[in-house]
Amino acid sequence: MPTLHVRDVPKETYEGLQALAKASGRSLTTEVIEQLKQVVDKAAARRRGAEAIEAIARMPPLRLPDGMTSLDVLDETRAEFERRHDRP
């Protein structure tokens with residue numbers, strides 16, 4: 001596994017990490033790894049969300065049959081889902 005050395009960590013940040021580690025019953029190293037994982041995971045989720053929004057924005061507009069609203073489409077979709085999954 002790679003090793004990461006971090007220098008010049010502000011005292012308040014270091015002490016905050018120590019407090020988090022103590023509160024969670026982890027070592028400082030384990031706490032830092034967990035915090036880094038969370039930051040990376042959140043950034044990846046934001047990126048995936050942004051990519052999904054961009055893909056939706058590129059889609060052509062949906063043309064509904066006359067007299068049908070988006071709520072009607074949602075109701076039909078929900079009813080179909082419930083039929084497929086044997087829900088009342």
(message) I want to verify a result. In a Gaussian network model of the chain, Cα cutoff 10 Å, which of these has the top mean-square fluctuation: Lys11, Lys22, Lys42?
(response) Lys11
(message) Taking 2.2 N^0.38 Å as the expected size of a compact globular protein, what ratio does the Cα radius of gyration of the chain give against it, to two decimals?
(response) 1.98
(request) Describe numerically, in nm with one decimal, the distance between label points set 7 Å from Cα along Cα→Cβ at Ser24 and at Leu71. (result) 4.5 nm
(request) Rounded to the nearest 10 degrees, what's the angle between the helix 11-24 long axis and the longest principal axis of the chain, both from Cα atoms, 0 to 90? (result) 70 degrees
(message) Quick check of the Kirkwood formula: for the range 11-62, what is the inverse mean of 1/r over all pairs of different Cα atoms, in Å?
(response) 13.4 Å
(message) Let me spell out the model: positive unit charges on the Cβ of Lys and Arg, negative unit charges on the Cβ of Asp and Glu, origin at the Cα centre of the chain. What dipole size does that give, in debye rounded to 20?
(response) 360 debye
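Only the coordinates and a few stated rules stand behind these numbers; no lab work does. From a predicted model like this one, the values you see are computed outputs, not experimental measurements. Neighbour counts run over all protein chains shown; Cβ positions are idealised from the backbone, glycine included.
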